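Right, I'll just put the structure down here and ask away after.
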2 protein chains.
Amino acid sequence: MDTTEQKQIRIALDAMGGDYAPDAMVKGAAQAVKDMDIHMFLVGQEDKIRPLLEKENYPKEKIEIVPASEIIEMGEHPTTAIRQKKDSSMVVGMKMVKDGKADAFVSAGSTGALLVGGLTIVGRIRGVERPVLATPLPTLEGFSLLVDSGANVDCKPQYLYQFAQMGSIYAKNVLDLEKPRVGLINIGAEKEKGNMLTKESYALLEESSMNFVGNVEARNIPYGEADVLVCDGFIGNTVLKLYEGVSKTLMKAMKEELTKGLYVLPTLALAKPFSRLKHRFDADEIGGAPFIGLKQLVVKAHGSSKEKAIYHAIRQCKTFMEHDVTAQIAAAVQAEKTEEKAAE
Amino acid sequence: MDTTEQKQIRIALDAMGGDYAPDAMVKGAAQAVKDMDIHMFLVGQEDKIRPLLEKENYPKEKIEIVPASEIIEMGEHPTTAIRQKKDSSMVVGMKMVKDGKADAFVSAGSTGALLVGGLTIVGRIRGVERPVLATPLPTLEGFSLLVDSGANVDCKPQYLYQFAQMGSIYAKNVLDLEKPRVGLINIGAEKEKGNMLTKESYALLEESSMNFVGNVEARNIPYGEADVLVCDGFIGNTVLKLYEGVSKTLMKAMKEELTKGLYVLPTLALAKPFSRLKHRFDADEIGGAPFIGLKQLVVKAHGSSKEKAIYHAIRQCKTFMEHDVTAQIAAAVQAEKTEEKAAE
């Protein structure tokens, strides 16, 4: 795609959210502006950000610090935090996006607060029932995009249909998949399996023009049977966290077993293979989880994001903007509405 | 417990269901009657069972073959299969239980058919809203009992409350846990987290006399935070299958990583540790998954059950009967109903 005529993309980054803030954010941003034609805003406490930024070598005009005195902590109640901490890095950053001062906002802070802020400050695209949190889930083949991974815990079939729609548009444009395979997470492979929600969602997806490949049983998720995995946010969040829990536990147990018994393996011999394994099941290279369906892009980076993950989240924003995914989603949702009206 | 005065426990075993039928069933039953004071019925095709049984060395009077000419296959529609295959090993076995000719029924065949048969042939205990499939899930500490692991995909908070109640009684009596810790699978640790179902269920569980330890996030399931894990059957089935899928994939990937690279490890050196690891995350020793809340005991053994798993499922039936778990559940459910009435 020819991007030369487009105006420079401006990304606001929450410098204060996440386990490695502000260090990882400053480094990730500095690296990003060196490699990409973008403008970055580091939102947060200037006295903490400035000294770190001064240590970095990058084109100075491409990063600005936007002061915000407060920080929304992980344990805070999302709605209360967004309402009360008007000068938090998260609220200030999202207001910039809302006011057109930035094109996208990235944060590794509280997911709950980011979702609330996304809905109340940035706002939904007209026609989108529920914006969806799309998290990349590592598989043997690469990864699948999990929609919804936790934004909407009580869903209707129409919501799941839109999750699939938005996930497909995102996967096609940002992840560069020609015809993303859409799968429905369900408790059986057959069409008639599932609960009320999945049965009705299946019927909607089957009739759509999306590349719907049917139900995906949880046991097959790690094999990468679909590019876009559709489910309600309760299921999605459970899948995401169980994935993480089982992987960690199993690697721990594996190390224990490999360093005892008849064939004692030196711990050193395990370091490399385990590091490679962790890498294979590591989402850091993929970027963050976009909150899709908002008027502007908001991306949730993992709480434990380091420099590399932040860098990739920024790159992801750039691709998103270059393909104008928001406009595509708005058009797709509008087309459905028009169709519905015509059918009435 | 003194069992000398109790009448001999009679267990009907589906000799035709499961990947290793009838061989594993015949061997498991033969070993069981050698070790335990029980009577076994092997239900199925006599011409297939008889020759295998004759090879075994066991007290002959303790095993009887009960002929059943048909087999319910894994892919069949559960309701249709139970209705039409009147002479299947599953239907014949469950009728024996219903008619008081056997005290319990064990099958490694189709889960769906077993659930339908349990409900329509054996029937619910009065006051039990929905019988629950309780599957042991391996953890670092041992295992947790997952209720519901797939019998009820659309649930009300009252169902989840009863799942917890029945799971607790089972865990106390059959698994010998003094005060089983009951946890609610949820997407956050805090009380206010979750969807409508889990929020309302939390409130019910919190007020109960059970040892409720609060929400358990999916990422903590492998650490064994609770003895009884409560959830709806859609979530439970997803957890169960994802557990299996992630474990398998990760072990495969680990083997790949450990046998390549700078430190090449011989495949032989991995055999023992991997076998131990598999063993640690193996439910075979625990027995099957009881379908709790029916008038008589029905146990689902894993489809890939071998002799050992069948043996343990039989032992599990014996313990269940000795503690008269069905009567305890009936009493507990009745007590709640009386309380409700009094409160009206």
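Name the one entry in A:F143, A:F163 that is out of contact with any Ser or Thr (no Cβ under 8 Å at 6 or more places or on another chain) and more than 14 Å from chain B (Cβ to nearest Cβ).
The match here is A:F163.
Can you tell which of A:A218, A:A189, A:A203 is over 21 Å from A:G288 (Cβ atoms), within 14 Å of chain B (Cβ to nearest Cβ), out of contact with any helix residue (DSSP H, G or I) (no Cβ under 7 Å at 6 or more places or on another chain) and among the hydrophobic types (A, V, I, L, M, F, W, C)?
Sole residue among the options that is over 21 Å from A:G288 (Cβ atoms), within 14 Å of chain B (Cβ to nearest Cβ), out of contact with any helix residue (DSSP H, G or I) (no Cβ under 7 Å at 6 or more places or on another chain) and among the hydrophobic types (A, V, I, L, M, F, W, C): A:A189.
Follow-up. Can you tell me which residue in region B:220-258 is modelled with the highest pLDDT, limited to those that are acidic (D, E) and touching a strand residue (DSSP E or B) at 6+ places or on another chain (Cβ under 8 Å)?
That would be B:D227.
I'm trying to understand the selection: among the residues of region A:221-244, which are outside any helix (DSSP H, G or I) and either at the interface with chain B (Cβ under 7 Å from one of its Cβ atoms) or among the hydroxyl-bearing types (S, T, Y) (or both)?
Listed by number, the list is empty, since nothing qualifies.
Go through (1) within 11 Å of chain B (Cβ to nearest Cβ); (2) more than 29 Å from B:A113 (Cα to Cα); (3) at pLDDT below 95 for A:E178 and report which single condition fails.
Of the numbered conditions (1) within 11 Å of chain B (Cβ to nearest Cβ); (2) more than 29 Å from B:A113 (Cα to Cα); (3) at pLDDT below 95, the odd one out for A:E178 is (1).
Could you say which residue among A:K62, A:K98 is touching a His at 6+ places or on another chain (Cβ under 7 Å) and over 18 Å from A:M16 (Cβ atoms)?
That would be A:K62, the only listed residue that is touching a His at 6+ places or on another chain (Cβ under 7 Å) and over 18 Å from A:M16 (Cβ atoms).
A further question on this structure: Which of the residues that make up region A:188-226 are acidic (D, E), surrounded by 16 or more Cβ atoms within 10 Å (Cβ to Cβ) and within 25 Å of B:C155 (Cβ to Cβ)?
A:E200, A:E217 - these are the residues of region A:188-226 that are acidic (D, E), surrounded by 16 or more Cβ atoms within 10 Å (Cβ to Cβ) and within 25 Å of B:C155 (Cβ to Cβ).
I would also like to ask the following. Only one of B:V43, B:V106, B:V26, B:V97 is surrounded by 20 or more Cβ atoms within 10 Å (Cβ to Cβ), of a type outside the set (F, W, Y) and farther than 20 Å from B:E307 by Cβ. Can you tell me which?
Matching residue, one of B:V43, B:V106, B:V26, B:V97: B:V97.
Here's another thing I want to ask about it. Do we find a residue being outside the structural domain of B:S168 (by TED's automatic domain parsing) and closer than 27 Å to B:A335 by Cβ anywhere in region B:77-93?
No, every residue in region B:77-93 fails to be outside the structural domain of B:S168 (by TED's automatic domain parsing) and closer than 27 Å to B:A335 by Cβ.
Residue-wise test of (1) part of a strand (DSSP E or B); (2) touching a residue at least 60 places away in the same chain (Cβ under 8 Å); (3) of a type in the set (G, A, S).
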{"position": "B:G28", "(1), (2), (3)": "no, yes, yes"}
{"position": "B:H39", "(1), (2), (3)": "yes, no, no"}
{"position": "B:L53", "(1), (2), (3)": "no, no, no"}
{"position": "B:E64", "(1), (2), (3)": "yes, no, no"}
{"position": "B:T80", "(1), (2), (3)": "no, no, no"}
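Tally up the residues in region B:226-254 that are under 30 Å from A:R276 (Cβ atoms) and of a type in the set (A, V, I, L, M, F, W, C), please.
8
The values are calculated or read from the model by the stated rules, or taken from the named source; none is laboratory data. Quick caveat: nothing in here was measured; it's all calculated off a predicted structure. Cβ coordinates were reconstructed from backbone atoms using ideal geometry, including for glycine residues, and neighbour counts include every protein chain displayed.
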